[in-house]
Amino acid sequence: MTNEELNKLKYPIGLFEKPDRIIHKNLQEWIKDISDFPFDLEKSTHRLEIEEKNFKYRPGGWTIKQVVHHCADSHMNALIRFKWSLTEKKPTIKAYFEAKWAELPDGMDDDFSSSIMILKGIHQKWVGLLNQMEETDFDKKFFHPEHQKSFSLKECVGIYAWHGKHHLAHIKNALKAKGKF
């Protein structure tokens with residue numbers, strides 16, 4: 001498999017592309033995507049057999065079950081990062097080792113119903129917060145030590161909207177490949 005083919009499997013919808021100027025319409029579309037994500041994820045995974053939950057979307061990639069558990073872990077962290085940014089002046093967030101978390105027992109559990117429930121609750125709370133934020137709140141930032149840069153909350157809304165679609169595409173690719181990886 002070529003590097004180009006592997007990259008297409010790793011980023012099936014491409015990398016997140018931040019608009020030069022993030023406008024209200026972008027935020028509204030992204031908030032809708034965040035709102036819909038847990039239900040889209042549940043719809044894509046609710047009838048999977050254990051064998052299918054263990055399909056991978058690319059060589060060296062995670063299984064479907066690890067992707068679902070990862071989304072719960074990632075989006076829990078996202079909500080906390082938003083709250084820190086809204087209550088502190090440009091906080092330095094705590095990064096975490098996603099790949100190591102995906103290997104923990106809860107990340108390997110065939111039953112990911114708890115992660116779906118977490119996502120539904122987190123996203124309901126998160127979208128409620130996003131819809132109540134003032135325009136200036138979206139300009140607040142946090143510093144990410146792993147990337148050595150600051151991110152605005154408005155950029156992060158887009159990143160997490162993309163993140164959900166990115167992992168839904170991974171799941172669809174894994175099912176299409178029928179576990180051949």
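The values are calculated or read from the model by the stated rules, or taken from the named source; none is laboratory data. Quick caveat, the model's predicted, so the values are computed rather than measured. With ideal geometry, Cβ positions are generated from the backbone for all residues, glycine too; neighbour counts draw on all protein chains shown.
Residues of region 159-174 that are farther than 19 Å from MET76 by Cα and either among the polar types (S, T, N, Q) or buried (at least 18 other Cβ atoms within 10 Å of the Cβ) (or both): HIS170, ILE171, ASN173, ALA174.
Can you tell me which residue in region 19-39 is farthest from LYS154 (Cα to Cα), limited to those that are loosely packed, with under 15 Cβ neighbours inside 10 Å and of a type outside the set (A, V, I, L, M, F, W, C)? Steps first, please.
First pass over region 19-39, keeping only residues loosely packed, with under 15 Cβ neighbours inside 10 Å: 19-21, 23-25, 28-29, 32, 39.
Now drop any that are not of a type outside the set (A, V, I, L, M, F, W, C), which leaves 19-21, 24-25, 28-29, 32.
On the way: PRO19: 11, ASP20: 12, ARG21: 10, HIS24: 10, LYS25: 12, GLN28: 11, GLU29: 12, LYS32: 14 Å.
This residue is LYS32.
Kindly evaluate ALA174 against the criterion of being outside any helix (DSSP H, G or I), touching a strand residue (DSSP E or B) at 6+ places or on another chain (Cβ under 7 Å) and among the aliphatic types (A, V, I, L, M). Steps first, please.
Working: outside any helix (DSSP H, G or I): no; touching a strand residue (DSSP E or B) at 6+ places or on another chain (Cβ under 7 Å): yes; among the aliphatic types (A, V, I, L, M): yes.
No: the conditions fail for ALA174.
Looking at LYS8, LYS25, LYS32, LYS18, just one residue is part of a loop (DSSP other than H, G, I, E, B) and over 16 Å from ASP111 (Cα atoms), and that residue is LYS18. The residue pairs whose first member lies in region 44-69 and is within 14 Å of LYS10 (Cα to Cα) and modelled with pLDDT of 95 or more, whose second member is of a type in the set (Val, Ile, Thr) and not in a helix (DSSP H, G or I), and whose beta carbons are closer than 9 Å, counting only pairs six or more residues apart or on different chains, are LYS56/THR63.
Scanning region 120-148 for residues being within 27 Å of HIS69 (Cβ to Cβ) and basic (Lys, Arg) gives a total of 2.
So that you can scan it fast, the table gives a plain yes or no per residue for (1) under 22 Å from LEU129 (Cα atoms); (2) under 12 Å from the mean Cα position of the chain (by Cα):
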position	(1), (2)
THR2	no, no
LEU6	no, no
LEU15	no, no
PHE37	yes, yes
LYS43	no, no
HIS46	no, no
TYR57	no, no
HIS69	no, yes
ASN77	yes, yes
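Taking region 119-158 as the range and being under 17 Å from the mean Cα position of the chain (by Cα), under 17 Å from GLU88 (Cα atoms) and either without any contact (Cβ under 8 Å) to a residue 12 or more places away in the chain or exposed (fewer than 15 other Cβ atoms within 10 Å of the Cβ) (or both) as the test, only PHE151 passes.
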